[in-house]
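In what follows, a structure is listed as structure tokens, so that the remarks can point back to it.
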Amino acid sequence: YTLSRSYTFGQPRVGDAGFATAFNAISAEMPFFRLSRSDDPVIYLPAAPRFHHVGTEVYYVGDTTRGYKICDGSGEDRSCAGEADDVALLILQCLIPNACGHTHYLVPAKPDDMGPSSCHQKVLLP
């Protein structure tokens with residue numbers, strides 16, 4: 001496969017600052033965008049500063065009608081998702097059906113949750 005760009009939705013931090021620097025250097029030729037929502041608990045885990053995000057964050061304050069911001073590319077732009085005041089509360093919200101920000105990316109432009117309910121048929125790969 002030849003990738004020209006990559007988008008992730010609700011990605012957690014996946015390594016330390018050294019890993020993020022190496023990942024961003026290796027993928028410099030391919031734009032890597034990490035979409036985030038302020039109410040998604042997964043994007044705040046594991047905690048900074050020990051762990052660090054990769055790629056350029058595209059930050060949504062809420063649903064798509066509220067717009068988005070392309071962040072500074074550092075992976076930890078404080079003017080974007082930054083740190084949540086209460087990650088535990090965000091995690092608890094995910095126990096309530098249809099209340100978890102992690103399953104609501106691109107809503108209302110994409111009307112279904114990003115979860116089992118959006119899988120309408122089984123696709124078998126060869």
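The values are calculated or read from the model by the stated rules, or taken from the named source; none is laboratory data. As the structure is a prediction and not an experimental result, all values here were calculated from the model. Heads up, the Cβs are rebuilt from the backbone with ideal geometry, glycines too, and the neighbour counts pull from every protein chain shown. We work out accessible area using only protein heavy atoms, side chains counted, and drop any ligands, DNA or RNA first. Shrake-Rupley method; radii C 1.70, N 1.55, O 1.52, S 1.80 Å.
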**Report entry** Given (1) touching a helix residue (DSSP H, G or I) at 6+ places or on another chain (Cβ under 7 Å); (2) free of Cβ contacts under 8 Å to residues at least 12 places away in the same chain, index of the condition Ala81 fails
**Finding:** (2)
Query - strands (runs of 3 or more DSSP E) wholly inside the range 1-106 that include at least 1 residues being of a type in the set (Gly, Ala, Ser) - result: 6-9, 32-37
Report summary line: In the range 1-40, residues that are among the hydrophobic types (A, V, I, L, M, F, W, C) and within 18 Å of Val61 (Cα to Cα) total 3
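Pick out the one residue from Leu89, Leu95 that is surrounded by 10 or more Cβ atoms within 10 Å (Cβ to Cβ) and at pLDDT 85 or above.
Result of the check over Leu89, Leu95: Leu89.
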Report summary line: All-but-one check, Ala20 against (1) surrounded by 19 or more Cβ atoms within 10 Å (Cβ to Cβ); (2) within 17 Å of His102 (Cα to Cα), failing number (2)
Requested in this report: Considering each of Tyr60, Tyr1 in turn, give the residue that is modelled with pLDDT under 95 and open to solvent by less than 60 Å² (accessible area, probe 1.4 Å).
Outcome: Tyr60
Query raised in the report: Does any residue of the range 37-57 turn out to be more than 14 Å from Gly10 (Cα to Cα), crowded, with 16+ Cβ neighbours inside 10 Å, free of Cβ contacts under 8 Å to residues at least 60 places away in the same chain and touching a Leu at 6+ places or on another chain (Cβ under 9 Å)?
Result: yes
